[in-house]
1. Exactly one of these conditions fails for Ala29: (1) in contact with a Pro (Cβ under 7 Å, 6 or more places away or on another chain); (2) modelled with pLDDT under 90; (3) on the phi > 0 side of the Ramachandran plot. Give me its number.
2. What residue, among those in region 1-59 that are touching a residue at least 40 places away in the same chain (Cβ under 8 Å) and part of a strand (DSSP E or B), is farthest from Leu78 (Cα to Cα)?
3. Within region 40-56, which residues are of a type outside the set (S, T, N, Q) and under 11 Å from Asn80 (Cβ atoms)?
4. What are the pairs, 6+ residues apart or on separate chains, where a residue within region 62-78 that is in a strand (DSSP E or B) has its Cβ under 7 Å from a residue that is of a type in the set (Gly, Ala, Ser) and modelled with pLDDT of 85 or more?
5. Tally the residues that are under 16 Å from Ala85 (Cα atoms) and of a type in the set (S, T, N, Q), restricting the search to region 1-35.
6. Condition check: at pLDDT 80 or above and among the polar types (S, T, N, Q). Does Asn72 satisfy that?
Amino acid sequence: MNREPDVARKLIESDERLPLTLEEGLAIATQHPEWLLEKNGFNLLGSRSADGRVPSIWMSQSAPRLGAVWPNSRHTWLGNAYCLARRGVSLIEGRSNN
């Protein structure tokens, strides 16, 4: 928390962690909505919009919100979601994500 998205992404990657994508963040918010309530909100640094903004999910007025922040803007109340590894089948033929 309290880091610009571009800075946070570099720190996450330097710790050999993987920033979550928009799809992964939506899956978490759908399957575990209590996490969004407890943590308030987070940036999804593994994705970018066409204009370079970073998608974010947060709670406002008791409802989930999806928006985007500029990569060099600091939002002290948003965390940055990441994972240690990904499992599953790659969408690229012949590759595995194990």
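1. Just one mismatch for Ala29, condition (3).
2. Checking each candidate, the answer is Leu18.
3. As a first pass, look at region 40-56 and keep what is of a type outside the set (S, T, N, Q): 41-42, 44-46, 48, 50-55.
If the condition is that a residue be of a type outside the set (S, T, N, Q) and under 11 Å from Asn80 (Cβ atoms), then Gly41, Phe42, Leu44, Leu45, Gly46, Val54 are the ones that fit.
4. Pro64/Ala29; Gly67/Ser56; Ala68/Ser49; Ala68/Ser56; Val69/Ser56
5. Total meeting the criteria: 2.
6. Details: at pLDDT 80 or above: yes; among the polar types (S, T, N, Q): yes.
Yes, satisfied.
The values are calculated or read from the model by the stated rules, or taken from the named source; none is laboratory data. For clarity, every value in this text was computed on a predicted model and none was experimentally measured. Note that we place each Cβ from the backbone using ideal geometry, even for glycine, and neighbour counts take in every protein chain shown.
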